[in-house]
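Below is one structure; the comments refer to it alone.
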């Protein structure tokens, strides 16, 4: 399953990816030491017992390491230990469907009733809608805890009988609502068409070719495997009881190491295993009937932040949280797996690693040019030599001789800017382009708020300099 907690962790992680100097692809000793500090700090502050981390840069796995206490009986963390990756498994189930479609054995637009009988509105729900969470089937595990029925073993058919035969939550294709139930149905379709258990199909077509060791999480329990932990509020961190067998299936049944999950990320970057067309299909947001989309494709979330595209999914199993994010254009990926479903260590670790090892997002050419113009304008105000042809009528009205004199007398003694960076996003307002900057002059910080006419030579309607609020 995926959770609000995991979603918020991811949102924080991608929002805080920051600029860093251009880097060689291999990690430097300093970067490796920094990652060690990042993980140690977040495990200590959160109480999460352990983490397994892998990093892809330049299309290659450049880092894989495990930390902390993986179980009560594991003296040293192993980087090949398989953590439960939960809903990250969904992209593999979706990939199985795409492989079967490529083989000509089914179509994403086939209805569910063609393969699985007695599902509510099965004659109107498509396989594509199952994989994109737009089918309307009620989710059987929305909770962030193991509910009562999960103490008893279940089969995929048992889940379908209890949840997939209820009235739909909405007409298929009209809304998006995360549904583990839909993936259980999709997994049964894979098994029916392929004639194999889902995990066997995945091993034959994906895991063995990529050298990935994957387990059914129901069997990745006990000596030699990471233990899941939890915490109630600020209480002690305690081992948790795994769910009884059968509860995740295609919705999240896989366990693997961070390194092995990173091998899949490399396949995504290189467009191997699946055809380039099928990779693109998985990463294309599915649209609702009204034409809207939240960016979810077939088992993955997609989007862009700071000029950088990403393909992502998080996961939550009983006692485990996980995050996997790929930046296709940079040929980079970060995997963070933890053995506690309490706290925010997973997102905090990823956020800090992204800041430490990823190159800056590509600069926007218009913003880069505007920053140079803004810096030159500040120099004019510092010296009192204002080129009024660069200002609009209103801006020239504002900059009286007295105002210009105040700018010169107060700013000139501080010298040239030590730093000059844009803050926030460029936006339109009142027919002008708004950009804001933070500037360090002397020992003081200032904010500059600008409005300019559109275009690379647009005149300034506003150029205000004010002390930054500390």
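Observations on the structure shown:
- Segment 261-283, residues that are under 18 Å from the mean Cα position of the chain (by Cα) and crowded, with 16+ Cβ neighbours inside 10 Å: 261, 262, 263, 264, 265, 266, 267, 268, 269, 279, 282, 283
- Of the residues examined, residue 363 is not one that is modelled with pLDDT of 95 or more and closer than 28 Å to residue 305 by Cβ.
- Filtered by the rule that a residue be crowded, with 24+ Cβ neighbours inside 10 Å and at positive phi, segment 240-251 gives a lone residue, 249.
- The number of residues in segment 232-241 being under 16 Å from residue 70 (Cα atoms) and either in contact (Cβ under 8 Å) with a residue 12 or more places away in the chain or assigned to a loop (DSSP other than H, G, I, E, B) (or both) comes to 4.
- Some residue of segment 167-180 being over 13 Å from residue 298 (Cβ atoms) and not in a loop (DSSP other than H, G, I, E, B): yes
- From the list 340, 314, the lone residue that is modelled with pLDDT of 95 or more and within 13 Å of the chain's Cα centre (by Cα) is 314.
- Of all the listed residues (381, 371, 386), the sole one being touching a residue at least 24 places away in the same chain (Cβ under 8 Å), surrounded by 12 or more Cβ atoms within 10 Å (Cβ to Cβ), more than 35 Å from the chain's Cα centre (by Cα) and over 30 Å from residue 29 (Cβ atoms) is 381.
- Qualifying residue in segment 39-55 (condition: part of a helix (DSSP H, G or I), in the same structural domain as residue 341 (by TED's automatic domain parsing) and closer than 30 Å to residue 284 by Cα): no
The values are calculated or read from the model by the stated rules, or taken from the named source; none is laboratory data. Note that the coordinates shown come from a computational prediction; the quantities given were computed from them, not determined experimentally. Don't worry about glycine lacking a Cβ; one is built from the backbone with ideal geometry, like all the others, and counts go over all protein chains shown.
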